[in-house]
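Novice: One structure follows; several queries about it will come next.
The values are calculated or read from the model by the stated rules, or taken from the named source; none is laboratory data. This one's a predicted model, so the numbers in the text were calculated from it and none came from an experiment. Please note: Cβ atoms are built from the backbone with ideal geometry, for glycine as well, and neighbour counts cover all protein chains shown. Heads up: the accessible areas ignore ligands, DNA and RNA and are worked out on the full protein's heavy atoms, side chains in. Shrake-Rupley method; radii C 1.70, N 1.55, O 1.52, S 1.80 Å.
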Amino acid sequence: MTARDAFRRFVPALRGEGARFAMAATLLLVATGCEIVAIFVLSDVIDGALTADSTLQFARLAVLWLLITAISTAADYYGQVTSIAISERVVLRLRDSLFAHVQRLNPVIHRRFGLGDLVTRHSSDLEAVEYLVGSGVMQFVVAVANTIGLVVAAFIMSWQVALVAIAAVPLLWAISAYYGRRQTLVTRDERIANADIAIAVQTALSGHETAVAYNQQDREHARLHRHGVTWLGARMSQTRIEAGFGAVMGFGQVVVTLAIAVAGVWQVRHGALSVGELLALTGYLGMLYPKMQELAEVRLSLASAGVSAERIVELLDIAPTDADRDDAIDHDGPDHTLSVRGVSLRRGDLTVLDDVSLDLHPGEITALVGASGAGKSTLAALLCRFDRPDSGQITFGDNDFTALTGRSIRDHLTLLPQHPVIKAASVADNIAYGCPNATRAEIINAAIAADADAFIDDLPDRYDSILGEDGLTLSGGQRQRIAMARAILRDTPVLVLDEPTSGLDDATAQRILAPLRRLARGRSTLLITHDPRVMQVADTVLELRDGRLHSRDDALV
């Protein structure tokens, strides 16, 4: 993706910032103009110091020069502050938009990219995209205006010396284009390597207990090291390009400065320039090449930002699985029967679900069993509308799933996942995660119903105790009961329980059966399990095998 294409794609993120963007640009241009004028005045100050008859005459010029410099400094300060504020708001807007889109994608896609990679795209990649459409553009415009102003001023003072200065511009611009193309290639490798490092760290730390238990710390370290070496190579390639570009530009600046000095001295010796004018002209041209180098560096940065823009666009171009139709309505009817009719789903060449039909009626518990990987969790994902079937129909009451908003479906359905998610927050906040406005009494009642109140009372701050990420300070059974309390508090008419006793010992599994019955009472419940004890609470038991549903007597459903 070229910088131009990326700019067109992301420029809507600047919407609403036009007035502030113009103000920041104006302030920075005022600062630039004052710098140019100040050098003009400085030439008069120097000539005045050499020829003035009184101190007062010299002082007036000096005060004028200081006043212009002060205005330039103030305008630059407020322009920079305004520009940075715009940049941060644009980053915030882009991150919010990207995160909202990613939240609507199929969880399978999240796993395909990897958590670390997604974090990288939400952070450093987004900042690079902001530079491409916001601060980088402003920097480029201001540098162009500054360059034009300096060239014009230099031509006014001595067109011969100015012509010497700009003669090398086409060559230097061609050099920047060459380095820009190389920068694009190595930046793509660096971004991928950086994402791989984030993934390696995230997976190693989240699975640290397993790594220690199997004595695989060295293996995890070696994996991170390999990605680090790859990133090091990419960064060194970037560094060689950036340093090489800087060296070439620096050498070119020295050569041009020498040529300017020779041409300027020649002009002074022939009376075409005064000493003050030569110093001012040297100041203009001394500012010109850094500005031209800044333009070239912006070009390199924009090339790098184009790679980050590709990575963001790759996510944004994935169609969300939770997109509502324009005419979608909310589910608010009294009938909460959930029906699956002839549903099929494929993952590549693999058929996961094949002509599956199922009814979940209020007050009935349907247990779903099957081998690992048979598609049980996939069916649960379809019921939560995390995914869409390739064929068939799912209805909620009298309405097709596609005719309803995804939010209203999930307002009436609670998923208890196989691995309970515990947030880094208080116990009360975790229980009320699905009902943020719940009262303390409602939270406690839900905990009591889930048989969680006793162990919560033993925590240092009871319901205000802060739990670590993933609740690692709690046992598996305690995490499961907090998740059940969360589900009880939501009080939705449909319930999907995915392996609620997975990983629990016999005593703990037996203990959660009573709250499990209370949770499922009166609801349309799908219970995914391998546990024979849990199957006993079910009204119907079905097996998912070879993508199709079978009853316990092996009859095809």
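Novice: Considering only DSSP states other than H, G, I, E and B, which trypsin sites (Lys or Arg not before Pro) in the stretch 141-208 qualify as loop sites with at most 12 other Cβ atoms within 10 Å?
Specialist: For trypsin sites (Lys or Arg not before Pro) across the stretch 141-208 that sit outside H, G, I, E and B with at most 12 neighbouring Cβ atoms in 10 Å, the list is empty.
Novice: Given an 8 Å cut-off on Cα distances and at least 6 residues of separation, report the relative contact order of the chain as a percent.
Specialist: 16 percent
Novice: If you find the alpha carbon centre of the stretch 331-358 and of the stretch 412-488, how far apart are they in angstrom?
Specialist: 31 Å
Novice: Spin-label point model (7 Å from Cα, Cβ direction): what's the Q80 to R20 distance in nm?
Specialist: Taking the simple label geometry, Q80 and R20 are separated by 1.9 nm.
Novice: Shifting gears a bit: Report relative contact order for the stretch 348-441 in percent, whole number only (criteria: Cα-Cα under 8 Å, sequence separation at least 6).
Specialist: With pairs under 8 Å counted, the relative contact order is 16 percent.
Novice: Next question, about the same structure. Once the principal axes of the Cα atoms of the stretch 338-554 are found, what is the range along each, listed largest first in whole angstroms?
Specialist: Per principal axis, max minus min of the Cα coordinates gives 52, 37, 33 Å.
Novice: Between R325 and D458, what FRET efficiency comes out of the Förster formula 1/(1 + (r/R0)^6) with R0 = 56 Å and r the beta carbon distance, rounded to 0.05?
Specialist: With R0 = 56 Å, the Cβ-Cβ based efficiency is 0.70.
Novice: Cα-Cα pairs above 38 Å in the chain: how many percent?
Specialist: So the pairs more than 38 Å apart make up 51 percent of the total in the chain.
Novice: V63 to A243: FRET efficiency via 1/(1 + (r/R0)^6), r the Cβ-Cβ distance, R0 45 Å, to the nearest 0.05?
Specialist: About 0.55, to the nearest 0.05.
Novice: Can you give the accessible area of L67, probe radius 1.4 Å, in Å² rounded to 10?
Specialist: 100 Å²
Novice: Moving to a separate point now. Can you compute the charge dipole magnitude of the chain about its Cα centre, using +1 on each Lys and Arg Cβ and -1 on each Asp and Glu Cβ, nothing else charged? Give it in debye, rounded to the nearest 20.
Specialist: 1240 debye
Novice: Using +1 at the C-beta of Lys and Arg and -1 at the C-beta of Asp and Glu, which of S475, M249, G397 has the Cα lying farthest in the positive direction of the dipole of the chain?
Specialist: M249
Novice: Kindly state, to the nearest 0.05, the FRET efficiency for L258 paired with L316, given R0 = 41 Å and r defined as their beta-carbon distance.
Specialist: My answer for the efficiency is 0.20.
Novice: May I ask you to compute the full-extension gain from I148 to T473, defined as 0.36 nm times their residue separation minus their alpha-carbon distance, rounded to one decimal in nm?
Specialist: 110.6 nm
Novice: Which residues does the label zone of S97 cover in the stretch 15-32, counting backbone N under 16 Å from a point 7 Å along Cα→Cβ?
Specialist: 15-18
Novice: Let me ask another. At 0.36 nm per residue, and after removing the present C-alpha to C-alpha distance, how many nm does the segment from V108 to V141 gain when stretched out fully?
Specialist: 7.6 nm
Novice: Enter the accessible area per residue of the stretch 159-272 (Å², integer; probe 1.4 Å; all protein chains in place).
Specialist: Ligands and nucleic acids excluded, the figure is 62 Å² per residue.
Novice: Give, in nm to one decimal, the length gained when the segment between S391 and R346 is fully stretched (0.36 nm per residue of separation minus the Cα-Cα distance).
Specialist: Computed gain between S391 and R346 is 15.2 nm.
Novice: Could you give the distance between the Cα centres of the stretch 123-172 and the stretch 60-100, to the whole Å?
Specialist: 18 Å
Novice: Which of the helices in the chain, when you take each full DSSP H run, stretch at least 27 Å along the axis at their Cα atoms and have an average Kyte-Doolittle score of 0.0 or higher?
Specialist: Length and hydropathy pass: 18-51, 55-103, 135-157, 169-206, 217-269, 275-316.
Novice: Counting only DSSP beta bridges with both residues in the chain, what percent are antiparallel, rounded to the nearest 5?
Specialist: Restricted to the chain, the bridges split so that about 55 percent are antiparallel.
Novice: How much accessible surface area, in Å² rounded to 10, belongs to the heavy atoms of V81 with a 1.4 Å probe?
Specialist: Probe radius 1.4 Å; accessible area of V81 about 70 Å².
Novice: On to the next question. Size of the stretch 159-272 along its principal axes in angstrom, Cα-based, largest extent first?
Specialist: 85, 21, 16
Novice: Related question: 222 nm [θ] for the chain, helices only, -39500 (n - 2.57) per DSSP H run of 4+, per residue, to 500?
Specialist: -21500 deg cm²/dmol
Novice: While we're here: Could you tell me which of T378, P334, G348 has its Cα farthest along the dipole of the stretch 334-388 towards the positive end, charges placed at Cβ (Lys, Arg +1; Asp, Glu -1), taken about the Cα centre?
Specialist: G348
Novice: Counting only protein heavy atoms and using a 1.4 Å probe, what share of the accessible area of the chain belongs to carbon plus sulfur, as a whole percent?
Specialist: Looking at the chain in its full context, I get 59 percent from C and S.
Novice: While we're here: If you place +1 on the Cβ of every Lys and Arg and -1 on the Cβ of every Asp and Glu, how big does the dipole about the Cα centre of the stretch 159-272 come out, in debye to the nearest 20?
Specialist: With only Lys, Arg, Asp and Glu charged at Cβ, the dipole is about 400 debye.
Novice: Let me ask something additional. So, by mean Cβ neighbours within 10 angstrom, what's the order for 315-325, 527-537 with the highest one leading?
Specialist: Final packing ranking: 527-537, 315-325.
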